[in-house]
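First the structure, in the form of structure tokens, and then the observations on it.
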């Protein structure tokens, strides 16, 4: 996948995860950062579960799930 596609998917996934977890996004750079890290987390979690998701929609779902998990973990660490 190209670099531009990573940025687009990261931005969308970060924005979706931000809306799910806290009711708003994090700005364009924050959304991209959360989404790209979320894609790594989601890919790792999906591989542990033996799941695969291909194409644009599959990558977006994987990144969004990973970003939601990332934001959830961060919220738990900050509240502890």
Query raised in the report: So for 4, 32, fewest C-beta neighbours within 10 Å to most, what's the order?
Result: 4, 32
**Report entry** Packing-based order for 9-20, 50-61, using average beta carbon neighbours within 10 Å, highest first
**Finding:** 9-20, 50-61
Report task. Can you work out the PRE-style zone for residue 6? Point 7 Å along Cα to Cβ, and I want the residues of segment 22-55 with backbone N under 11 Å. Result -> 36-37, 40
Query raised in the report: In whole percent, what relative contact order does segment 3-75 give with Cα contacts below 8 Å and a gap of six or more residues?
Result: 37 percent
Query raised in the report: Stretched out fully, how many nm does the piece from residue 49 to residue 73 gain, at 0.36 nm a residue minus the Cα gap?
Result: 6.8 nm
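From the helices alone, meaning DSSP H stretches of at least four residues, give me the mean residue ellipticity at 222 nm for the chain, per-run term -39500 (n - 2.57), in deg cm²/dmol to the nearest 500. Walk me through the numbers before you get to the answer.
Working: 3 runs with 68 residues, N = 80.
Here the helix-only value at 222 nm equals -30000 deg cm²/dmol.
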Report summary line: Packing-ranked peptide list from 40-46, 24-30, 64-70, highest mean Cβ count within 10 angstrom first, is 64-70, 40-46, 24-30
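Every number in this text was worked out from the coordinates using simple rules, so none of it is lab data. Keep in mind it's a predicted model, so treat the numbers as computed, not measured. Counting neighbours? That spans all protein chains shown, and the Cβs are built from the backbone with ideal geometry, glycine included.
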